[in-house]
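Contents: one structure, followed by commentary.
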Amino acid sequence: MVGRSDQARLHRLTERGVLVASAPVRVAVLVSGTGTILDALLDAEVPVCVVVADRPCPGLEKAAAAGITTELVERESFGPSFDRDAYSARLAA
């Protein structure tokens, strides 16, 4: 169910020519570099609620400067020994 405030926001977005397929959502962004995709999402007014990185990077700094919560969940390995399932579990925690 879309509330009145959501309807007003959807109307403003569609007036600007933005295609809106659903009610607003909260988005987490994974970055590992400069945050180019983060920039595009923010330019499109996507409500990013957290930015997560696997290493210190400019994307985290960009998110912090925009007032977005940041998390650094570092990887122990970038080689064949990388345990994707364990890392995914750490991200979800």
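The values are calculated or read from the model by the stated rules, or taken from the named source; none is laboratory data. From a predicted model like this one, the values you see are computed outputs, not experimental measurements. Cβ coordinates were reconstructed from backbone atoms using ideal geometry, including for glycine residues, and neighbour counts include every protein chain displayed. We work out accessible area using only protein heavy atoms, side chains counted, and drop any ligands, DNA or RNA first. Shrake-Rupley method; radii C 1.70, N 1.55, O 1.52, S 1.80 Å.
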Tell me whether region 56-66 contains one or more residues that are open to solvent by less than 60 Å² (accessible area, probe 1.4 Å) and at pLDDT below 90. no
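Of everything in region 68-86, what is over 15 Å from residue 28 (Cβ atoms) and either open to solvent by less than 90 Å² (accessible area, probe 1.4 Å) or not aromatic (Phe, Trp, Tyr) (or both)? Give them in sequence order. Explain how you work it out, then say what you get.
Step one: filter region 68-86 for residues over 15 Å from residue 28 (Cβ atoms), giving 74-86.
Of everything in region 68-86, those that are over 15 Å from residue 28 (Cβ atoms) and either open to solvent by less than 90 Å² (accessible area, probe 1.4 Å) or not aromatic (Phe, Trp, Tyr) (or both) turn out to be 74, 75, 76, 77, 79, 80, 81, 82, 83, 84, 85, 86.
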Quick test of your reading of the structure: residue 39 fulfils all but one of (1) in a loop (DSSP other than H, G, I, E, B); (2) under 19 Å from residue 24 (Cα atoms); (3) open to solvent by less than 70 Å² (accessible area, probe 1.4 Å). Name the failing condition by number. (1)
Enumerate the pairs (first residue in region 32-45 and closer than 15 Å to residue 70 by Cβ and touching a residue at least 12 places away in the same chain (Cβ under 8 Å); second residue anywhere and part of a loop (DSSP other than H, G, I, E, B) and acidic (Asp, Glu)) with beta-carbon separation below 8 Å, excluding pairs fewer than 6 apart on the same chain, so at least 6 apart or on different chains. 32/54
